[in-house]
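Here it is: the structure, laid out below.
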Amino acid sequence: MRHLASAALALPLLSASLACSDGASSSAGAPAAPASSTTAAPPAGADPHAGHDAHAGHGAAAAGTPAPTTARSVAFVWPQAGSTVFSEFDLAFGLQGMGVRKAGEDIADKTTGHHHLVIDGAAIPAGQPVPKDDKHIHYGDGASTVRVTLAPGEHALTAQLADGAHLSYGPELSATMKVTVVPKPPKVGVAFANVKDGDVVKSPLELKFAVDGFTVKPAGEAVLDKTSGHHHIVIDSPPVPLGVVVPRDDQHIHFGKGETSTSLTLTPGEHTLTLQFADGAHLSYGPAMATSIKVKVQ
């Protein structure tokens with residue numbers, strides 16, 4: 001049985017072992033990173049905290065010491081290089097050392113820009129305008145998470161940052177990876193199979209999970225297969241953002257053995273339950289592969 005903690009904990013981004021067993025819990029979901037500082041997910045099995053900058057305010061620098069600067073870089077947060085994805089999938093860009101700003105805003109500011117996706121092409125030389133066609137997709141609205149559609153097969157994807165006038169920052173601010181694309185099933189999604197929104201229930205609550213289009217596999221298996229994963233329940237917290245490790249606390253219950261049902265103990269009152277799908281490395285598929293219901297526990 002799962003037990004809901006009486007006190008919520010503040011949420012850092014937690015790492016999750018690939019071999020984690022079912023039943024551990026975590027606290028309320030971590031806030032999504034601002035668009036201007038989205039951080040790339042670590043490689044499978046790596047410590048998600050490795051390489052992170054120290055938090056501001058953890059100690060003053062000595063007098064006369066220059067403030068540390070963050071190296072400028074672009075990355076793919078989701079999916080990761082070598083992944084297998086459906087022909088329609090969500091993609092998240094990562095950016096460090098620069099800010100994200102909509103196209104056309106303060107084009108003289110060379111510390112900000114917006115993302116572009118180059119499909120089966122190279123990075124754009126610095127100072128050249130990014131073309132606008134089927135192979136060069138502009139995200140001038142400042143989006144860092146986007147929906148991409150590709151034909152089945154192998155593709156090279158390049159993330160390219162450009163300024164407010166769509167002038168490329170060059171290979172220095174680009175990243176390239178290869179993915180394998182397979183046909184998307186007619187229907188994808190997750191659902192609670194035996195409980196619906198608004199139900200009045202008793203604790204312990206028996207829950208059954210359903211998933212369409214994806215294959216359920218235990219955690220640690222096929223971490224680059226973005227057509228499979230395992231279930232999590234999030235209690236009274238929002239879905240976990242795309243590419244973020246699902247926390248492990250009393251409000252985030254992992255079913256890393258591939259379970260498709262559970263018995264959940266809840267305190268009396270109203271609760272929001274979210275079924276969240278994540279890959280073999282516990283990286284969330286985001287709101288697109290989550291569903292939430294409200295129940296009242298007698």
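The values are calculated or read from the model by the stated rules, or taken from the named source; none is laboratory data. All figures in this text were calculated on a predicted structure; none of them were measured in a lab. For neighbour counting, all protein chains shown are included, and Cβ atoms are generated from backbone atoms with ideal geometry for every residue, glycine included.
Looking at A222 and the list (1) within 15 Å of the chain's Cα centre (by Cα); (2) modelled with pLDDT under 95; (3) of a type in the set (G, A, S), which single condition is not satisfied?
So the condition that A222 fails would be (1).
Oh, and also: So for segment 284-293 (the condition being surrounded by fewer than 20 Cβ atoms within 10 Å (Cβ to Cβ), touching a Pro at 6+ places or on another chain (Cβ under 8 Å) and within 15 Å of V195 (Cβ to Cβ)), does at least one residue qualify?
Yes, segment 284-293 contains a residue that is surrounded by fewer than 20 Cβ atoms within 10 Å (Cβ to Cβ), touching a Pro at 6+ places or on another chain (Cβ under 8 Å) and within 15 Å of V195 (Cβ to Cβ).
Then there's this: Go through segment 225-238 and give me each residue that's surrounded by fewer than 22 Cβ atoms within 10 Å (Cβ to Cβ) and either at pLDDT below 95 or within 19 Å of G280 (Cβ to Cβ) (or both).
Correct list: D225, T227, S228, I233.
Okay, residues lined up against (1) charged (D, E, K, R); (2) closer than 15 Å to G256 by Cα:
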site: A193; (1), (2): no, no
site: S203; (1), (2): no, no
site: L207; (1), (2): no, no
site: D212; (1), (2): yes, no
site: K217; (1), (2): yes, yes
site: A222; (1), (2): no, yes
site: H231; (1), (2): no, yes
site: D236; (1), (2): yes, no
